[in-house]
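All of the numbers you see were taken from the coordinates with simple rules; none came from a lab. Quick caveat: nothing in here was measured; it's all calculated off a predicted structure. Counting neighbours? That spans all protein chains shown, and the Cβs are built from the backbone with ideal geometry, glycine included.
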């Protein structure tokens, strides 16, 4: 990736995380963004999972700042759902790699 592509990817991820902080569609949008910028299927899927993991870590940071992290670890099924949802939506969004024209290449 060249410098411009990295800048576009960073802006897309930050904007998607901001959207995800107010609506769950931000998780899907972030997966789409990193999927479209990837250079291959495996990289697109890894980027989608990575975006989902980053979103979950940002959620943990929000809970930590609010002083609710200890209660979160005891949440049971809610804990599992809150881990699975960002990972799944990031991965599903990254499937957008398949929507690129076959001749399109990013680097």
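Miscellaneous remarks
- Nearest 10 degrees, 0 to 90: helix 3-20 Cα axis against the chain principal axis: 30
- Going by neighbour counts of Cβ atoms within 10 Å, the residues 10, 92 line up, fewest first, as 10, 92.
- Averaging the sequence gap over all C-alpha pairs within less than 8 Å and six or more residues apart, then dividing by the number of residues, gives the stretch 3-99 a relative contact order of 37 percent.
- Computed from Cα positions, the angle between helix 25-37 and the longest principal axis of the chain comes to roughly 30 degrees.
- Panel order for 13, 32, 83, 22, by other beta carbons found within 10 Å of each beta carbon, from fewest to most: 22, 83, 13, 32.
- Taking the Kirkwood radius as Rh and the Cα radius of gyration as Rg, the chain has a ratio of Rg/Rh equal to 1.04.
- Computed P(r) (all Cα pairs; the stretch 15-57; 10 Å bins; percent): 35, 52, 13, 0
- Packing, as the average of other Cβ atoms within 10 Å across residues, places the peptides 66-76, 47-57 in the order 47-57, 66-76, highest first.
- CD proxy at 222 nm, helix term only [per DSSP H run n ≥ 4: -39500 (n - 2.57); per residue of the chain; nearest 500]: -25000 deg cm²/dmol
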